[in-house]
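Since the structure comes first, as structure tokens, the remarks are kept for the end.
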Amino acid sequence: MRSLTLVRTLAVALAAVALTAPRAAADELPRGGWKTLEVGVLPVAYFGRSGEDLFADSPEVRQAQEITGRWHRMIEDRLAGLDQVRLARTSQIQERLSRTQDYRRTVAVAAERFDLGVLRYHEIQPVEALANLSKANDLYRSVYADIAHPHELADVAFYQGLILVEQRETTKAHMALRDLLTLDPTRRFERGYYPAAIEQALVGAQSDIAMHSDLMAAALQTDRLDALAKVLDIDVFVVALVDGPPDQLALRIALYDRRVRGFATSEHFALSDEALAADELDRVLTAWHACAVEADRSGIFRKPPRKELYLDIGYTHGVWLKHSRTRDPLQSLGASLTLTWEPTPALSLFVRATQSDTLVDGNGDLLDDFVRSSLTLGAGLAFGPSAVRFSLRVGLDLGLAVSEIGMTTDVDCKFFGTSSDRCLTSFSASAPAVWLGADFTLGARVRLVDGWYLSSAIGITSYVFDPDVAGALNFPLHATLGFGAAF
Amino acid sequence: MTGIVSRMHASRRASSPRTDARRRRPLRLVAALLLGAASLATGCNDADRALTGRWLATEPVQTSWLAGRPELTIGHYGPELTGVAWFLDVNGFPSEICPCGFIDHLSLDLDAQRFAASTDFCNGDIWIWRLELDDTQTPEVLSGTVEVKDEPDKVLDITFELVDTFIPDEKKLCDR
């Protein structure tokens, strides 16, 4: 009865430990985080110069350009401070573009074309010059040199403008010079160096830019932004410029979102009151940020509810370690069906039914095979990660053999029968033979696929009843290997 | 009988040169593991019951001390055997002088498939059976000698063949 007392004590201890173990609350919560947005800031410039400012070093314009630079940095700093935003500053974007595949080779070819165009221009071959300059323009733009190195492209546009003005292609010249002054908004010219017609065209182009009739539209070509976003792996581009006369500066800002292939925000506000303008910028960015940041869908999943019921079936092999009536240990083989309930991750309650056949040994000391059915009921501790779970169990085992069990080491009893006069000593347990005792099992469960697992267990049973039977056959060491399903 | 054959082969391997033995050690280990696993799964194998059955003398014998056609019913259980020796006349009827005697185990060499057993004859003589199994023949045969203990001139070569592995109860009842 000592074993039963031990079982009872252990069961109480197990229940206390297991029930006080908290449920893993995290099991029920979705896992995953917020997606970090890659945000890039495109070059910010001042476009509010007048035509006359192209030929003079105006302190007001210089100040406006300084203010523009300050707002450029402020935009970048404000964005850098936002959660879940990874900022690519303008300088970083330019550097990344310069490091893209084929950039150096393409720029080198474009530069050659540009030089050739300039050469043809000086040789007074305007058509060939324009063809080469146009090719240089295309090559530069194909690798986004208008963002990475806009001054080179501005030079191309300037020569295109010069030739077109000389050819009296007024509209095309205007567009070329407009490109020049858009790409290089700080460029200045010496008064009287170029012919009057060219100076006039330059002034016209700058005036057009200053009126910003379609300036943002030119800067915000969605197809081009989308392609650029793919090249740089950027989610959102911030496009901004400062315009207006130096005493009435205004910031225009728009945010292109690659995910929707469109602009999420487009705002403009005066910079006359810097504090107010800074608040406006914060408002714009915060409003955009609130809607732009999203959960990382790739990582979002709700962990499936923890399975609590497990049913497995397996092959069971046993060895009777105590075999007082036979010379060799007796082997048994059979099958077991185990139902496990884990109401908490740490507590394991189980019931196991086993049917096994104990085989005649080599010496024939066991006179005949006998089939034994047993039922084990108990509890245990479960532990380990969900992929591999271990359990340590204690249970009450009731075994029953419905056939008579005969054992002897007397060879005459085996051949002539136990009732023969020649049979001197033999053991017989009449049916039904009953065992009752405590079972100790160490088990493991390895998840194969979702809902299915491989089960294994090894254990030993200590029987205390019936004393006669348990005295002859006791302490079966059993090992089970099988598979099961979780519910 | 495959178990005995395997065991014989194993003993032959054991007597091979040392180099061969070393080379075959892993194979032997695997074989031992497989045999062990098979033994675990079945509890016993054919070798433990190889001699069990009814063995009838292949030819009638006619000597001053043994006449007729003896039959041995042997129960073999691992390292031991027992049974009944039936003394039949040439017509197959139990001898009137001594119809039967119990077989008592003396020795059994499973590897060599050889055993020795004794039978108390009705006149008080003790007969010694020294027989060896040859399982390569069909039916299997036991061949060897039968002699009367302490009487060197009473030795007879004898061969039995297996007539049945099943032994009915009446063949176990020696009531003389």
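Quick notes on this one:
- Test: residue A:45 is touching a residue at least 12 places away in the same chain (Cβ under 8 Å) and in contact with a Phe, Trp or Tyr (Cβ under 9 Å, 6 or more places away or on another chain): no
- Residue within the stretch A:183-194 that is hydroxyl-bearing (Ser, Thr, Tyr) and in a helix (DSSP H, G or I) present: no
- Considering A:396, A:400, the condition of being in contact (Cβ under 8 Å) with a residue 24 or more places away in the chain, more than 14 Å from every other protein chain (Cβ to nearest Cβ), under 30 Å from residue A:348 (Cα atoms) and in contact with a Leu (Cβ under 8 Å, 6 or more places away or on another chain) is satisfied by A:396 alone.
- A single entry from A:406, A:471 fulfils the requirement of being assigned to a strand (DSSP E or B), in the same structural domain as residue A:335 (by TED's automatic domain parsing) and of a type outside the set (Phe, Trp, Tyr): A:406.
- First in the stretch B:106-117 and outside any strand (DSSP E or B), second anywhere and of a type in the set (Lys, Arg), Cβ under 8 Å, 6 or more apart: B:110/B:7; B:111/B:7
- Checking each residue in the stretch A:128-140 for being under 13 Å from residue A:109 (Cβ atoms) and charged (D, E, K, R) picks out A:135, A:138.
- The sole residue among A:372, A:422, A:389 that is in the same structural domain as residue A:467 (by TED's automatic domain parsing) and either farther than 30 Å from residue B:46 by Cα or surrounded by fewer than 15 Cβ atoms within 10 Å (Cβ to Cβ) (or both) is A:389.
- Scanning the stretch B:151-176 for residues that are more than 14 Å from chain A (Cβ to nearest Cβ) and either in contact with a strand residue (DSSP E or B) (Cβ under 8 Å, 6 or more places away or on another chain) or modelled with pLDDT of 95 or more (or both) yields a count of 11.
- Residue list for the stretch B:131-153, restricted to those being buried (at least 17 other Cβ atoms within 10 Å of the Cβ) and of a type in the set (D, E, K, R): B:135, B:140, B:147
- Single match in A:247, A:273 (criterion: without any contact (Cβ under 8 Å) to a residue 40 or more places away in the chain and either touching a Lys or Arg at 6+ places or on another chain (Cβ under 9 Å) or at negative phi (or both)): A:273
- Here residue A:423 passes the criteria (1) within 14 Å of chain B (Cβ to nearest Cβ); (2) in contact with a Ser or Thr (Cβ under 7 Å, 6 or more places away or on another chain) except the one numbered (2).
- Condition check for residue B:158: touching a residue at least 40 places away in the same chain (Cβ under 8 Å), among the β-branched types (Val, Ile, Thr) and either in a loop (DSSP other than H, G, I, E, B) or in the same structural domain as residue B:58 (by TED's automatic domain parsing) (or both): yes
- Comparison of B:97, B:126 shows that the only residue that is more than 14 Å from chain A (Cβ to nearest Cβ) and at pLDDT 90 or above is B:126.
- Selection within the stretch B:127-155: residues that are assigned to a strand (DSSP E or B) and basic (Lys, Arg). The member of this set that is nearest to residue B:107 (Cα to Cα) is B:130.
- Taking the listed residues B:112, B:116, B:85, the one that is under 23 Å from residue B:47 (Cα atoms), modelled with pLDDT of 95 or more and out of contact with any Pro (no Cβ under 7 Å at 6 or more places or on another chain) is B:116, with no other qualifying.
- Selection status of residue B:107, small (Gly, Ala, Ser), surrounded by 14 or more Cβ atoms within 10 Å (Cβ to Cβ) and assigned by TED's automatic domain parsing to the domain that holds residue B:53: no
- Any hit, the stretch A:296-316, residues being closer than 26 Å to residue A:465 by Cβ and more than 47 Å from the chain's Cα centre (by Cα): no
- The set of residues in the stretch A:338-362 that are closer than 17 Å to residue A:477 by Cα and surrounded by fewer than 19 Cβ atoms within 10 Å (Cβ to Cβ) comprises A:353, A:355, A:357.
- Test: residue in the stretch A:298-306 that is touching a His at 6+ places or on another chain (Cβ under 7 Å), away from chain B (no Cβ under 14 Å) and either free of Cβ contacts under 8 Å to residues at least 60 places away in the same chain or β-branched (Val, Ile, Thr) (or both): no
- Scan of the stretch B:154-176 for residues that are of a type in the set (A, V, I, L, M, F, W, C) and loosely packed, with under 11 Cβ neighbours inside 10 Å, ordered by number: B:166
- Scanning the stretch B:49-83 for residues that are within 14 Å of another protein chain (Cβ to nearest Cβ) and part of a loop (DSSP other than H, G, I, E, B), we see that the one that is surrounded by the most Cβ atoms within 10 Å (Cβ to Cβ) is B:51.
- Count of the stretch A:248-276 residues, restricted to those that are part of a loop (DSSP other than H, G, I, E, B) and crowded, with 16+ Cβ neighbours inside 10 Å, is 3.
- Of the residues A:339, A:349, A:333, the single one that is at the interface with another protein chain (Cβ under 9 Å from one of its Cβ atoms), assigned to a strand (DSSP E or B) and not polar (S, T, N, Q) is A:333.
Yes or no, residue by residue, for (1) among the basic types (Lys, Arg); (2) out of contact with any Phe, Trp or Tyr (no Cβ under 6 Å at 6 or more places or on another chain):
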residue	(1), (2)
A:306	yes, yes
A:309	no, no
A:333	no, yes
A:336	no, yes
A:345	no, yes
A:384	no, no
A:399	no, no
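- Reported count of residues in the stretch A:277-293, each being crowded, with 17+ Cβ neighbours inside 10 Å and not aliphatic (A, V, I, L, M), is 3.
- The requirement of being closer than 25 Å to residue A:272 by Cα and not small (Gly, Ala, Ser) is satisfied by residue A:70.
- Residue, farthest from the chain's Cα centre (by Cα), within the stretch A:146-175, restricted to residues that are small (Gly, Ala, Ser) and under 26 Å from residue A:62 (Cβ atoms): A:161
- Selection of the stretch A:357-383 for residues being away from chain B (no Cβ under 14 Å) and in contact (Cβ under 8 Å) with a residue 40 or more places away in the chain yields A:372, A:374, A:376, A:378, A:379, A:380, A:381, A:382.
- Meets criteria (at pLDDT below 95, assigned to a loop (DSSP other than H, G, I, E, B) and within 14 Å of another protein chain (Cβ to nearest Cβ)) for residue A:386: no
The values are calculated or read from the model by the stated rules, or taken from the named source; none is laboratory data. All values derive from a computational prediction rather than experimental measurement. Glycine gets a Cβ as well: all are built from the backbone with ideal geometry, and neighbour counts include every protein chain shown.
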